[in-house]
Amino acid sequence: MTLLDKGDKPTGGGRTGEPLVVLDGVNKWYGDLHVLQDINLSVREREVVVVIGPSGSGKSTLCRTINRLETIDSGSITLDGQLLPQEGKALANLRAEVGMVFQSFNLFAHKSILENVTLGPIKVRGQGKAEAETRARELLDRVGVGHQADKYPAQLSGGQQQRVAIARALAMNPKVMLFDEPTSALDPEMIKEVLDVMVDLAEGGMTMIVVTHEMGFARTAADRVIFMADGAIAEENDPESFFTNPQSDRAKDFLGKIL
Ligand code: ADP
Ligand code: MG
(Lines give C-alpha, C1' and ligand atoms only; values in the text may rest on other atoms or scores of the structure.)
(Ligands and ions follow the chains in the order given, each with its own letter.)
Protein backbone atom coordinates (compact mmCIF):
# COMPACT_ATOMS: atom_id res chain seq x y z
CA MET A 1 0.00 0.00 0.00
CA THR A 2 2.73 2.42 0.92
CA LEU A 3 4.48 1.86 -2.39
CA LEU A 4 1.29 2.49 -4.32
CA ASP A 5 0.55 5.59 -2.27
CA LYS A 6 3.86 7.03 -3.45
CA GLY A 7 2.87 6.45 -7.05
CA ASP A 8 5.19 3.48 -7.52
CA LYS A 9 4.09 0.60 -9.69
CA PRO A 10 4.01 -2.81 -8.03
CA THR A 11 6.46 -4.29 -10.54
CA GLY A 12 9.86 -5.92 -10.26
CA GLY A 13 11.51 -5.17 -6.95
CA GLY A 14 9.00 -2.40 -6.31
CA ARG A 15 11.61 0.34 -6.64
CA THR A 16 11.54 0.59 -10.43
CA GLY A 17 8.63 1.65 -12.62
CA GLU A 18 7.54 1.48 -16.24
CA PRO A 19 9.99 0.84 -19.09
CA LEU A 20 11.55 4.20 -19.97
CA VAL A 21 14.28 3.41 -22.49
CA VAL A 22 13.53 0.46 -24.74
CA LEU A 23 15.86 -0.90 -27.42
CA ASP A 24 14.22 -3.52 -29.58
CA GLY A 25 16.30 -5.53 -32.04
CA VAL A 26 18.82 -2.75 -32.54
CA ASN A 27 21.56 -3.32 -35.11
CA LYS A 28 24.27 -1.00 -36.26
CA TRP A 29 27.19 -1.42 -38.62
CA TYR A 30 30.28 0.68 -39.22
CA GLY A 31 31.05 -0.55 -42.72
CA ASP A 32 31.69 -4.27 -42.24
CA LEU A 33 31.83 -4.01 -38.45
CA HIS A 34 28.59 -5.17 -36.84
CA VAL A 35 29.04 -2.90 -33.84
CA LEU A 36 25.61 -3.44 -32.23
CA GLN A 37 24.12 -6.90 -32.71
CA ASP A 38 20.44 -7.37 -32.07
CA ILE A 39 20.38 -5.40 -28.82
CA ASN A 40 17.24 -5.84 -26.73
CA LEU A 41 17.28 -3.77 -23.58
CA SER A 42 14.55 -2.27 -21.47
CA VAL A 43 15.49 0.16 -18.73
CA ARG A 44 12.75 1.01 -16.25
CA GLU A 45 12.10 4.27 -14.49
CA ARG A 46 14.44 4.63 -11.51
CA GLU A 47 16.50 1.66 -12.65
CA VAL A 48 20.30 1.87 -12.61
CA VAL A 49 21.93 -0.27 -15.28
CA VAL A 50 25.70 -0.67 -15.36
CA VAL A 51 27.23 -1.65 -18.70
CA ILE A 52 30.63 -3.29 -18.65
CA GLY A 53 32.72 -5.11 -21.21
CA PRO A 54 36.05 -5.08 -23.03
CA SER A 55 37.28 -2.08 -24.98
CA GLY A 56 35.69 -2.04 -28.42
CA SER A 57 32.65 -4.10 -27.42
CA GLY A 58 30.22 -1.30 -28.37
CA LYS A 59 29.43 0.30 -24.99
CA SER A 60 29.99 3.88 -26.13
CA THR A 61 28.14 3.26 -29.37
CA LEU A 62 25.20 1.92 -27.38
CA CYS A 63 25.09 5.10 -25.28
CA ARG A 64 25.45 7.30 -28.31
CA THR A 65 22.51 5.69 -30.10
CA ILE A 66 20.26 6.40 -27.10
CA ASN A 67 20.58 10.16 -27.48
CA ARG A 68 20.93 9.77 -31.23
CA LEU A 69 24.47 10.98 -31.55
CA GLU A 70 24.58 7.84 -33.74
CA THR A 71 21.92 6.44 -36.05
CA ILE A 72 20.92 2.78 -36.06
CA ASP A 73 20.45 0.52 -39.11
CA SER A 74 17.55 -1.59 -37.86
CA GLY A 75 15.35 -2.05 -34.82
CA SER A 76 13.86 0.70 -32.72
CA ILE A 77 14.66 2.82 -29.70
CA THR A 78 11.90 4.46 -27.69
CA LEU A 79 12.14 6.93 -24.83
CA ASP A 80 9.07 7.07 -22.63
CA GLY A 81 7.08 5.33 -25.35
CA GLN A 82 8.14 7.68 -28.16
CA LEU A 83 10.41 6.69 -31.04
CA LEU A 84 13.55 8.80 -31.08
CA PRO A 85 12.98 11.78 -33.37
CA GLN A 86 15.23 12.05 -36.41
CA GLU A 87 15.92 15.77 -36.65
CA GLY A 88 15.02 19.34 -35.86
CA LYS A 89 13.49 20.71 -32.68
CA ALA A 90 12.16 17.32 -31.64
CA LEU A 91 15.69 15.93 -31.71
CA ALA A 92 17.02 18.88 -29.67
CA ASN A 93 14.26 18.23 -27.13
CA LEU A 94 15.15 14.55 -26.99
CA ARG A 95 18.80 15.39 -26.32
CA ALA A 96 17.63 17.55 -23.44
CA GLU A 97 15.74 14.59 -21.96
CA VAL A 98 18.73 12.27 -22.17
CA GLY A 99 21.54 13.72 -20.07
CA MET A 100 24.96 12.53 -21.09
CA VAL A 101 28.25 12.64 -19.20
CA PHE A 102 31.39 11.66 -21.07
CA GLN A 103 34.84 10.55 -20.02
CA SER A 104 36.20 13.92 -21.15
CA PHE A 105 34.14 16.50 -19.35
CA ASN A 106 33.48 18.64 -22.45
CA LEU A 107 32.76 21.84 -20.53
CA PHE A 108 32.77 25.09 -22.50
CA ALA A 109 36.24 26.46 -21.70
CA HIS A 110 35.36 30.11 -22.27
CA LYS A 111 32.24 30.12 -20.17
CA SER A 112 32.08 30.27 -16.38
CA ILE A 113 30.95 27.25 -14.40
CA LEU A 114 27.59 28.93 -13.82
CA GLU A 115 27.19 29.72 -17.53
CA ASN A 116 28.07 26.15 -18.44
CA VAL A 117 25.09 25.01 -16.41
CA THR A 118 22.60 27.74 -17.42
CA LEU A 119 23.29 27.69 -21.17
CA GLY A 120 21.13 24.68 -22.04
CA PRO A 121 18.12 25.63 -19.91
CA ILE A 122 18.16 29.16 -21.38
CA LYS A 123 18.77 28.18 -25.02
CA VAL A 124 16.89 24.91 -25.29
CA ARG A 125 14.31 25.09 -22.52
CA GLY A 126 13.67 28.82 -22.88
CA GLN A 127 14.14 29.47 -19.16
CA GLY A 128 14.73 33.02 -17.93
CA LYS A 129 18.26 33.87 -16.79
CA ALA A 130 17.36 34.39 -13.13
CA GLU A 131 15.43 31.14 -12.90
CA ALA A 132 18.19 29.21 -14.69
CA GLU A 133 20.84 30.68 -12.38
CA THR A 134 18.92 29.85 -9.23
CA ARG A 135 18.50 26.26 -10.34
CA ALA A 136 22.14 26.04 -11.52
CA ARG A 137 23.39 27.21 -8.13
CA GLU A 138 21.23 24.60 -6.40
CA LEU A 139 22.64 21.88 -8.63
CA LEU A 140 26.23 23.07 -8.23
CA ASP A 141 25.71 22.99 -4.46
CA ARG A 142 24.28 19.52 -4.72
CA VAL A 143 27.37 18.20 -6.53
CA GLY A 144 29.64 20.06 -4.09
CA VAL A 145 31.03 22.84 -6.30
CA GLY A 146 28.66 25.69 -5.46
CA HIS A 147 31.54 27.92 -4.35
CA GLN A 148 33.22 27.54 -7.79
CA ALA A 149 30.31 28.99 -9.80
CA ASP A 150 32.16 32.07 -11.05
CA LYS A 151 35.38 30.29 -12.02
CA TYR A 152 36.30 28.85 -15.42
CA PRO A 153 36.69 25.12 -16.14
CA ALA A 154 40.50 25.23 -16.33
CA GLN A 155 40.58 26.53 -12.73
CA LEU A 156 38.88 23.37 -11.44
CA SER A 157 40.26 19.88 -10.85
CA GLY A 158 39.13 17.04 -13.11
CA GLY A 159 36.83 15.69 -10.43
CA GLN A 160 35.23 19.11 -9.94
CA GLN A 161 34.82 19.57 -13.71
CA GLN A 162 33.12 16.20 -14.02
CA ARG A 163 30.73 17.12 -11.22
CA VAL A 164 29.93 20.34 -13.08
CA ALA A 165 29.27 18.24 -16.20
CA ILE A 166 26.79 16.20 -14.15
CA ALA A 167 25.11 19.36 -12.86
CA ARG A 168 24.92 20.70 -16.41
CA ALA A 169 23.15 17.56 -17.61
CA LEU A 170 20.78 17.61 -14.60
CA ALA A 171 19.85 21.24 -15.30
CA MET A 172 17.84 20.06 -18.30
CA ASN A 173 15.69 17.85 -16.05
CA PRO A 174 16.52 14.73 -18.05
CA LYS A 175 14.39 11.60 -17.88
CA VAL A 176 17.48 9.44 -17.99
CA MET A 177 21.18 10.02 -17.45
CA LEU A 178 23.83 8.25 -19.51
CA PHE A 179 27.37 8.06 -18.19
CA ASP A 180 30.15 6.82 -20.46
CA GLU A 181 33.18 5.95 -18.31
CA PRO A 182 32.77 9.14 -16.27
CA THR A 183 35.74 8.44 -13.99
CA SER A 184 38.19 6.90 -16.46
CA ALA A 185 40.06 10.13 -17.12
CA LEU A 186 40.31 11.12 -13.45
CA ASP A 187 43.20 10.87 -11.06
CA PRO A 188 42.47 8.14 -8.51
CA GLU A 189 41.85 10.50 -5.62
CA MET A 190 39.05 12.21 -7.56
CA ILE A 191 37.14 9.13 -8.57
CA LYS A 192 35.25 8.77 -5.32
CA GLU A 193 33.91 12.33 -5.28
CA VAL A 194 32.32 11.75 -8.68
CA LEU A 195 31.01 8.28 -7.82
CA ASP A 196 29.50 9.68 -4.61
CA VAL A 197 27.49 12.16 -6.67
CA MET A 198 26.33 9.33 -8.93
CA VAL A 199 25.32 7.15 -5.99
CA ASP A 200 23.38 10.11 -4.59
CA LEU A 201 21.57 10.50 -7.91
CA ALA A 202 20.77 6.80 -8.04
CA GLU A 203 19.39 6.89 -4.50
CA GLY A 204 17.32 9.90 -5.50
CA GLY A 205 15.56 7.77 -8.11
CA MET A 206 17.27 8.93 -11.31
CA THR A 207 17.11 6.44 -14.17
CA MET A 208 20.72 5.79 -15.14
CA ILE A 209 22.72 3.85 -17.71
CA VAL A 210 26.33 3.83 -16.63
CA VAL A 211 29.31 2.47 -18.55
CA THR A 212 31.94 1.92 -15.90
CA HIS A 213 34.41 -0.60 -14.61
CA GLU A 214 34.01 0.68 -11.07
CA MET A 215 32.79 -2.45 -9.36
CA GLY A 216 32.18 -0.67 -6.06
CA PHE A 217 29.71 1.62 -7.78
CA ALA A 218 28.05 -1.30 -9.56
CA ARG A 219 27.65 -3.22 -6.31
CA THR A 220 26.33 -0.21 -4.41
CA ALA A 221 24.06 1.39 -6.96
CA ALA A 222 23.24 -0.94 -9.86
CA ASP A 223 20.03 -2.89 -10.15
CA ARG A 224 21.43 -4.78 -13.10
CA VAL A 225 24.74 -5.34 -14.85
CA ILE A 226 24.89 -5.78 -18.62
CA PHE A 227 28.03 -7.40 -19.98
CA MET A 228 28.79 -6.59 -23.62
CA ALA A 229 31.15 -8.49 -25.89
CA ASP A 230 31.62 -8.01 -29.64
CA GLY A 231 28.61 -5.73 -29.96
CA ALA A 232 26.15 -8.05 -28.24
CA ILE A 233 24.75 -8.35 -24.73
CA ALA A 234 26.53 -11.52 -23.68
CA GLU A 235 25.18 -11.69 -20.15
CA GLU A 236 23.08 -9.75 -17.69
CA ASN A 237 22.37 -10.23 -14.04
CA ASP A 238 22.09 -8.48 -10.71
CA PRO A 239 25.52 -7.16 -9.65
CA GLU A 240 26.15 -9.64 -6.86
CA SER A 241 25.41 -12.66 -9.06
CA PHE A 242 27.30 -11.27 -12.00
CA PHE A 243 30.49 -10.49 -10.09
CA THR A 244 30.54 -13.59 -7.94
CA ASN A 245 29.22 -16.07 -10.49
CA PRO A 246 29.68 -14.96 -14.11
CA GLN A 247 28.27 -17.51 -16.55
CA SER A 248 29.94 -16.92 -19.91
CA ASP A 249 33.61 -17.54 -20.64
CA ARG A 250 33.90 -14.00 -21.98
CA ALA A 251 32.63 -12.51 -18.72
CA LYS A 252 34.85 -14.77 -16.59
CA ASP A 253 37.86 -13.84 -18.69
CA PHE A 254 37.03 -10.12 -18.50
CA LEU A 255 36.46 -10.13 -14.74
CA GLY A 256 39.68 -12.10 -14.29
CA LYS A 257 41.54 -9.21 -15.90
CA ILE A 258 39.93 -6.31 -14.07
CA LEU A 259 39.26 -7.62 -10.57
P1 ADP B 1 33.62 0.60 -26.31
O2 ADP B 1 33.00 1.86 -25.85
O3 ADP B 1 33.00 -0.63 -25.73
O4 ADP B 1 35.11 0.57 -26.12
P5 ADP B 1 32.90 1.57 -28.94
O6 ADP B 1 31.42 1.63 -28.96
O7 ADP B 1 33.63 2.83 -28.77
O8 ADP B 1 33.37 0.47 -27.89
O9 ADP B 1 33.43 0.92 -30.29
C10 ADP B 1 32.95 -0.33 -30.76
C11 ADP B 1 33.67 -0.65 -32.07
O12 ADP B 1 33.25 0.28 -33.07
C13 ADP B 1 35.19 -0.55 -32.00
O14 ADP B 1 35.73 -1.58 -32.78
C15 ADP B 1 35.45 0.81 -32.60
O16 ADP B 1 36.74 0.83 -33.18
C17 ADP B 1 34.37 0.94 -33.63
N18 ADP B 1 33.96 2.33 -33.89
C19 ADP B 1 33.55 3.21 -32.95
N20 ADP B 1 33.20 4.38 -33.52
C21 ADP B 1 33.42 4.23 -34.85
C22 ADP B 1 33.24 5.08 -36.00
N23 ADP B 1 32.77 6.33 -35.88
N24 ADP B 1 33.57 4.57 -37.21
C25 ADP B 1 34.02 3.31 -37.34
N26 ADP B 1 34.20 2.46 -36.31
C27 ADP B 1 33.90 2.90 -35.08
MG1 MG C 1 33.82 3.48 -24.85
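In table form, for the structure just shown:
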read-out	value
For region 58-199: accessible area per residue (Å², 1.4 Å)	45 Å²
Cα-based Lys pair tally, region 79-235, threshold under 25 Å, eight or more apart or on separate chains	13
The chain: antiparallel DSSP beta bridges as a percent of all, rounded to 5	55 percent
Per-pair calculated FRET efficiency, R0 = 30 Å: Asp200 and Gln247 via Cβ, rounded to 0.05	0.40
Among Leu170, Leu83, Leu140: highest mean-square fluctuation, GNM of the chain, C-alpha pairs under 10 Å	Leu83
Computed Rg/Rh of region 112-196, alpha carbon atoms with Kirkwood Rh	0.97
Full-extension gain in nm, Asn93 to Ala185, via 0.36 nm per residue minus C-alpha separation	30.2 nm
Hull volume in cubic angstrom per residue (convex hull over the Cα atoms of region 47-150)	155 Å³
Shape parameters for the chain, alpha-carbon atoms, Rg then Dmax in Å	18.3, 55
Charge dipole (the chain, unit charges on Cβ, about Cα centre) - positive-most of Val143, Tyr30, Ala251	Val143
Percent breakdown of C-alpha pair distances by 5 Å bin, ordered from the shortest bin, for region 71-118	5, 15, 19, 21, 16, 13, 8, 4, 0
Descending semi-axes in whole angstrom, ellipsoid equivalent of region 128-255, from the Cα gyration tensor	32, 16, 12
Rounded Å value of the spacing that divides the Cα centres of region 129-197 and region 22-96	24 Å
Axial C-alpha extent at least 20 Å, average Kyte-Doolittle at least 0.0 - helices from the chain (DSSP)	188-203
Carbon plus sulfur fraction of accessible area for region 9-162, probe 1.4 Å, in percent	49 percent
Residue with peak Gaussian network fluctuation, the chain [Cα springs, cutoff 10 Å], from Ala234, Ala109, Ala202	Ala109
Hits among lysines - C-alpha to C-alpha of Lys257 under 20 Å, sequence gap 8 or more where chains match	Lys59
Linear extension gain, Trp29 paired with Ser104, 0.36 nm per residue minus alpha-carbon span	24.5 nm
Rg [Å, one decimal], Dmax [Å, integer] - region 181-233, C-alpha atoms	11.7, 33
Point-charge dipole on Cβ atoms (K/R +1, D/E -1) for region 111-179, about Cα centre, debye to 20	200 debye
Computed [θ] at 222 nm, deg cm²/dmol, the chain (DSSP H ≥ 4; -39,500 (n - 2.57); rounded to nearest 500)	-11000 deg cm²/dmol
Farthest toward positive dipole pole in region 33-140 [+1 Lys/Arg, -1 Asp/Glu at C-beta], among Pro54, Asn116, Leu91	Asn116
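The values are calculated or read from the model by the stated rules, or taken from the named source; none is laboratory data. Model, not experiment: these values are computed from the prediction. All Cβ positions, even for glycine, are placed from backbone atoms using ideal geometry, and neighbour counts span all protein chains on display. We work out accessible area using only protein heavy atoms, side chains counted, and drop any ligands, DNA or RNA first. Shrake-Rupley method; radii C 1.70, N 1.55, O 1.52, S 1.80 Å.
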